[in-house]
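Take a look at the structure below.
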Amino acid sequence: MIFLIPLLFITILILNDLFKFATGDADLTLMSKKRVKREEVEDKVFWITGASRGIGEVLAKQLASLGAKLILSARNEADLQRVKSQLTGKYAPAEVKILPLDLASGEDSLREAVERAESFFSGYGVDYMIHNAAYERPKSAALEVGEESLKAIFNVNVFGTVSLTRLLAPYMVKRGKGHFVVMSSAAGKTPAPGQAVYSASKFALNGYFHSLRSEVIVEFCLISSLRILCLSTAVCIALSERNQGPIEATKSSDAGISAQTRSSEKRLSAERCAQLIIIAASHGLKEAWISYQPVLAVMYLVQYMPTIGFWLMDKIGEKRVDAAAEKKNTYSLGLLFGKQKKT
């Protein structure tokens, strides 16, 4: 009888974790962190790309309220000024810096932006580079994506982001500290039918930044002082005006959301998403997943039971592309049980 007590205790713990997983909005490690480490945010310099709307805008608001120094970048300076005017905090709005930036503008332009960002705050360089800007076309079948769309997505999501990192990293290495926070996507961890090229760009980001972290640790011995966090969320709102997947856009960007996104999808608010991003960054996590179910479950399956995970995605693939074309929920469990279209 005495052996049943520890067994019951273990069972309760397992059931509790399963409940958290089923009802949670992030991976179990991130959910365990609870709150932001304010000392890792206050008085630090945060450079946010894609800061004019969506998650970038909300990140700016939350970081300003936590006492961070901010550099805001996007293509539209007027939108950045609007965001700046709404910020409140220790350094906001008076000391918030506006730095218009187009990630597809080429290396010379990006180098100039890095030099300006590093000089904005006397005696302080960029502590956190938040790569939030991204570009995506409406969901479509992989073989229907033309060269123009392919280049547009990779120029922003990969080439521009990697070039900006390559130009900024030496400053961080010289100071012996710095953080890159990379807004990747669930589409960068699992197959994403209807988003093949976008998915490819996010897989590329994950591969580059995880490799970069390992190289920097070995070459410069910056084990704890230069951190790279790859965030796999179900969305990355930035240069694109649309909201992709089950994370809401802020009210200010609702006018730019396509009819495709006004579906019955259960969405994680941009405010909650930004809060989780800041928690993950302040705790120095190497990777974090942010989304509701069933996306989280699929990510765990693909990560730890890939045969089952890939089978699952193959089963819903064509139906998800069709659902996107019909402006229906592309994250619904119903995709598993609908009939496969005959050819």
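The values are calculated or read from the model by the stated rules, or taken from the named source; none is laboratory data. Remember, predicted model here, so these are calculated numbers, not experimental data. Neighbour counts run over all protein chains shown; Cβ positions are idealised from the backbone, glycine included. Ligands, DNA and RNA are excluded from the accessible area calculation, which covers all protein heavy atoms including side chains. Shrake-Rupley method; radii C 1.70, N 1.55, O 1.52, S 1.80 Å.
Where does each of Arg53, Arg320 land when they are ordered by accessible area, with a 1.4 Å probe and the largest first? Display every interim value, and only then the final one.
On the way: Arg53 35, Arg320 15 Å².
I get Arg53, Arg320, largest accessible area first.
Pop the C-beta distance of Lys327 and Glu148 into the FRET formula with R0 = 30 Å and round what comes out to the nearest 0.05.
It comes out at approximately 0.80.
Counting every Cα pair in the range 283-336, what percent are over 14 Å apart? Provide the component values of the computation, followed by the final result.
Values: 851 of 1431 pairs.
Here the long-distance tail beyond 14 Å is 59 percent of all Cα pairs in the range 283-336.
Within the accessible area of the range 1-110, what % is carbon and sulfur when the probe is 1.4 Å and the other protein chains stay in place?
60 percent
What are the extents of the Cα atoms of the range 10-98 along their three principal axes, listed from largest to smallest and rounded to whole Å?
For the range 10-98, the Cα spread along each principal axis is 55, 26, 17 Å.
Can you list which of the GluC sites (Glu not before Pro) found in the range 274-338 are DSSP loop residues with at most 14 other C-beta atoms within 10 Å?
Glu326
Give the shape of the range 149-189 as rounded, prolate or oblate, defined through the alpha-carbon gyration tensor: a ≥ b ≥ c are the square roots of its eigenvalues, a/c under 1.5 means rounded, and otherwise the shape is prolate if a/b is larger than b/c and oblate if not.
In terms of gyration-tensor shape, oblate.
Using a cut-off of 14 Å between beta-carbons, work out the net charge of the residues near Glu95 (Lys and Arg +1, Asp and Glu -1, Glu95 not included).
Net charge in that neighbourhood comes out at +3.
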